[in-house]
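For reference, the structure discussed in these notes is given below.
The values are calculated or read from the model by the stated rules, or taken from the named source; none is laboratory data. Just so we're clear, the structure is a prediction, and the values are computed from it rather than from any experiment. Cβ sites come from the backbone with ideal geometry, for glycine too, and all protein chains shown count toward neighbours. The accessibility values were calculated without ligands, DNA or RNA, using every heavy atom of the protein model including side chains. Shrake-Rupley method; radii C 1.70, N 1.55, O 1.52, S 1.80 Å.
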Amino acid sequence: MGILQIDELSKRYGEGETAVVALDRVSVKIERGEFVAVMGPSGCGKSTLLHLAGGLDRPTSGRVLIEGTDLSGLSDGKVAAIRRRKIGFVFQFFNLIPILGAEENAALPLTLDGVSPAAAREKARHWLAKVGLANRGGNRPDQLSGGQQQRVAVARALVAEPALVLADEPTGNLDSRASEELAALLRQVAAEWGRSVLMVTHDARIAAYADRILFLKDGRVVDETRLSAHGNDEGRLVRERMEKL
Amino acid sequence: MKTAMHLALRYLAGRKLRTALTTLAVVFGVFVFFGMNAVLPSVMATFQHNVQSAWGQVDATITHQSGEAFPASVGAKLSAFPGVRVVSGFLSRPVNLPPSLYPAAKGRRIPSAVSLVGIAPKEAAQIRTYTLEEGRFLTDADAGHAVITASLAHALGLALGSSFALPTPSGMARLAVVGIRPARSSPGNEEVLIPLREAGRLFGSPDRVSALEVNFDTFDATRRESLHAGLRAGLGDEYKIGSPATGTELFATLKLGMYAINLFGLVAMAMGAFIILNTYRTVVAERRRDLGMLRALGADGRTLLAVLLIEGFLQGLAGTLVGLAVGWGFAAALLAGLSGIMESFMHVRTGGPVVSPLLVGITAVLGIGMTLLAAGIPARQALRISPLEALRPVEGKTAASRPGKGFWAGVLLLLFASAAVWNPSAAVSLCGGAAFLLALLLLAPTLVRPITALFGGLLSRTIARDGVGRLAQGQLARQPSRSAVTASTTLLALALLVATGSVMTSITEHFLGMLKATLASDYLLIPPTVSVWASDVGAKPELAEKIRALPEVSLVSTLRFASASLSSRPSMGKELSGDTPVSVLGIDPASFPKVSALRFESGNARLAYPALASGRNLILNGSAASTTKLHPGDRAVLVTARGLREYRVVAIGNDYLNAKLVTAYVSQENLREDFGKIEDVFLQFNLKPGADAARAEMGVRTLLEDYPQFRLTRSQKYLADNLATFYSAFGALYLLFIILAVPSLLALVNTLAIGVFERTRELGMLRAIGATRGQVRLLVLAEAMLLSSLGALLGLAAGGVVGRVLVSNAEHLGFTLEYSFPYVWMLASIAIAVAFGALAAYFPGRRAARMQIVEALRHEG
């Protein structure tokens, strides 16, 4: 049983002639500790796939299983609970709460889940230290650099010890150095800390950090590649595959 | 300019929801100010009527020099006078009740005559309050119907629906009783009220009246003088114009009401301004990124300022027009609602909304001007930021916590207020009260953090667990100025509620306390006129003796009366500025305190009553003390029928019945010796524990057959009647002040709605990382509760201080009040704040909870 299993997933917007198929019978399986990147041209359905995988949106057909639990048919509250406990999110624009410090931001999924503030903050401190922000826990987002803010977002995604981390263009708002650092961090999340990571990106260099890359076009998986190493050569290879699309 | 206009129009059309919410804020502001001020003239007129009729007061009575009836058309002429609020004519004539028609009956005292009074029902009800115990009041359409008093009904053995006969010049008239008023307690004949037209027919004087009663629309002394003069000039020598003595407490009440209502208008204006300002600050802050982008594209500051000002102007104009219409509708609906209440309980119809060109002008200036100002000030600040900085995808900066100029101005005002509110000068202490209110408004942004931390902690432990309370608290602390401005509408509304509550509670407690102390006996024997003792025919001590002898009665105490004056002659006592007429009341120092305790301003019961029994000592009431400037220990010379008598003042104390009259209390022994008076004018008695009240009442009624001038009543009933009069005078005000709280609700709803809109992506993120819909709804609710708690806390503080200042200055309006803490009003204010917080959060909370997460995450803000 994979951590994330997506079967025949489709998403259609609108009706009749104006209907747009964003995702067309996509099936994906991600194992524990696997780092998967999704690439493809704009409008190919990358983000839709991620949103459906995270239970942020409902599919038109098909199903999403997280650690064997089928999200379809679950109430809104139960899906929210799965998001809190089993899924971590990293967004392009960080989406940190500006009035909270880094530690409070990182602790948020636990606090929302009813964990005592002290225990939640303890856990947040642990993960902030692991992402290299041990001494920035008291800083608010506007006192941190973009790269640091995204690290706080990664700590927030991991604080509830989820099985799956979903990252939507996590480097889209970072400079190249911070982007590389973040990609390395996500690789660490999968390889060392045993979380499954599904990342949407348009950057071939960043995608090259993944174990496997899915190529999407017009809502379908059109290609797939496994990478055994993660250097510049692999980056070039991914770029070439992308150009072929 | 063309570009600016184009951009402004596209912005307005392109962001419909935002445009609607912002325009709605202008509508609220204008509606609050315009609606309230359009209501005020009618409420003022109703309030004036209310108070005047409760006191049975008219501004002028017109009679013919000959004393005969005169054409009713004179009334129409008077109605046309500017400044005349209402004119009502009546035709009155005494009618003998022949013993053949009404033979003497046991247990009843048949009057020898009654006054048959023809009135115009509608106009008469605008002059006086006609309360009814049973049935209904007259209408113009009535024929053969009458309204009588309970005492006449009792005397003639009549009930609602029964008919009776009266001899008239047109022959015997049969009248059916359609309404029964409370028993008559003033001197003169019992009155039988019938419609004016029917009275004219019965008396053979159609279209004629015996007198016209007139009420003015102003309390201003100079204006009233000129109205009297105008009436005199208009009517000529043929008519007499009587202007009855005006009780100072009546005018004090009217003035107090007028101040309160004017204050109401001002607060409405301030609240309107706050609502508009607050909304625009939010909207301009949201546009930061767009402004940066436009500047990056080459737009200059002036163009962008013009864009915002054009938008502000258009929204101000639209909001003002809609606000005027909604305000008028609100005023009309409110007055229609009030009119129903007034008509049912007070037989008076309130007028429609009064809209003057001045009011429309001020409203337009407020609506458009305030919107331009509200758009311009933050826009200028936003344009100072560099384009690059504005373009950064910052989620929202937290405002600096360092106190600014406003804070220090607030501190200075607070220091001034703390010294000024205790100042004996009314002007200084009132300024102190206003300064305190202003200081809190200025300090509010700095107080946001500590106060929300206090309440946020409380919320986090109760309803807003799981970090939601902390998020809400942080959200408010993030923009303390905006939070403070929003809370300020609640602050103002509740400050006014609590201040009014302080005054109302103090007045009520003061009179109620005095009333209860004065009427502490089980029963009262009331003469025709209470307080105006000189016109009462009393009873010899035998009546009291006979009541005392009843087996059920434990104690009887009486009041005796003599007129005198406190002399200005210096030979024996303190020199006064002139002779002061004084009511001298003789009490029995032993029994009086058991049925009617005085409330002492100076001195005490333990020493004062025994002092009365031991020599020529007297107690002055507050009116006497303030008129004569005499104090305990001073010597006072009374000019009595038997010459000058020197008394020593031993205390200052008040009872309810004589509070308004210059009164001195002496022992009945001294009254007999110095004035030769032994007549009891007012009697009070208590029953023995467990005594049969019905038997006692029957026994006393039998005794009263020889003393028909007295009416037996239970003290509780008399107390209730007095309170009803009191409350009827103030009733409409209570309602108005509660309505004032409504705009603060509207402000909260709007601010929260904009807040939710602005933080769409943030709320979407919360949902994405696992917050449930319930938690998001709770977050909005917690924010609303924190905002209203902030407003409530500051409002209670401001209201408490302003109320204290108003009460301590009431003496300048003719009252001397002790401050009573308005617990009920405070609790009511807290309840209103909590309820409004919850209500305000409902729709924005629902919107936030129902957001589609993916769309929310894509929102650009």
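Per-structure values
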{"item": "14 Å Cα-Cα reach of residue B:540 towards aspartates and glutamates, excluding residues that sit fewer than 8 places from it in its own chain", "result": "B:679, B:680, B:706"}
{"item": "Full-stretch length increase - residue B:661, residue B:709 - with 0.36 nm per residue and alpha-carbon distance subtracted", "result": "15.0 nm"}
{"item": "Threshold 20 Å² - residues in the stretch B:757-781 whose accessible area is reduced by that much or more when the chain is no longer isolated, probe 1.4 Å", "result": "B:761, B:762, B:765, B:766, B:767, B:768, B:769, B:770, B:772, B:773, B:775"}
{"item": "Eligible aspartates and glutamates near residue B:717 by straight Cα distance, threshold 16 Å, same-chain separation 8 or greater", "result": "B:133, B:522, B:697"}
{"item": "Given charges at beta-carbon only (K, R positive; D, E negative), |dipole| of the stretch B:58-245 in Debye", "result": "440"}
{"item": "Solvent exposure, largest accessible area first (probe 1.4 Å, DNA, RNA and ligands not counted), of B:303, A:171", "result": "B:303, A:171"}
{"item": "A/B buried area, accessible surface, summed, 1.4 Å probe, Å²", "result": "2600"}
{"item": "The stretch A:158-236 versus the stretch B:85-126: alpha-carbon centroid distance in Å", "result": "101"}
{"item": "Cα→Cβ-extended label distance, 7 Å offset, between residue B:170 and residue B:428, nm", "result": "6.9"}
{"item": "Accessible surface ranking that places the most exposed of A:193, B:422, B:408, B:328 first, with a 1.4 angstrom probe", "result": "B:422, B:408, B:328, A:193"}
{"item": "Percent carbon-and-sulfur accessible area, the stretch B:58-245, ignoring ligands, DNA and RNA, probe 1.4 Å", "result": "52"}
{"item": "Within the stretch B:58-245, percent of DSSP bridges classed antiparallel, to nearest 5", "result": "75"}
{"item": "Formal net charge of residues neighbouring residue A:36 (Cβ-Cβ distance under 9 Å; K, R +1; D, E -1)", "result": "-1"}
{"item": "The stretch A:165-240 - percent of accessible surface contributed by carbon and sulfur, probe 1.4 Å", "result": "40"}
{"item": "Nearby aspartates and glutamates by direct alpha-carbon distance to residue A:78 (threshold 20 angstrom, same-chain neighbours under 8 apart not counted)", "result": "A:57, A:67, A:70, A:113, A:161, B:466"}
{"item": "Label-point gap, in nm, between residue B:313 and residue A:225 - each point 7 angstrom along Cα→Cβ", "result": "6.1"}
{"item": "Separation of the residue B:606 and residue B:852 label points, Cα + 7 Å toward Cβ, nm", "result": "8.2"}
{"item": "Neighbour net charge for residue A:22 - beta-carbon separation under 13 angstrom, K R +1, D E -1", "result": "+4"}
{"item": "Interface residues, the stretch A:76-117 - accessible area loss of 50 Å² or more versus chain alone, probe 1.4 Å", "result": "A:76, A:83, A:93, A:95, A:97, A:98, A:99, A:112"}
{"item": "Cβ-derived FRET efficiency at R0 56 Å, residue B:160 paired with residue B:614, nearest 0.05", "result": "0.50"}
{"item": "Among A:19-31, B:311-323, B:838-850, the order from most to least packed when residues are scored by Cβ within 10 Å on average", "result": "B:311-323, B:838-850, A:19-31"}
{"item": "Helix A:102-112 vs. chain A, principal-axis angle (Cα, 0 to 90°, nearest 10)", "result": "70"}
{"item": "Residue B:145 accessible area, assembled protein chains, probe 1.4 Å, Å²", "result": "60"}
{"item": "List B:851, A:39, ordered by accessible area with a 1.4 Å probe, largest first", "result": "B:851, A:39"}
{"item": "Percent accessible area from carbon and sulfur atoms, the stretch B:528-709, protein chains only, probe 1.4 Å", "result": "53"}
{"item": "Where the stretch B:528-709 is the region considered: accessible area per residue in Å², 1.4 Å probe", "result": "43"}
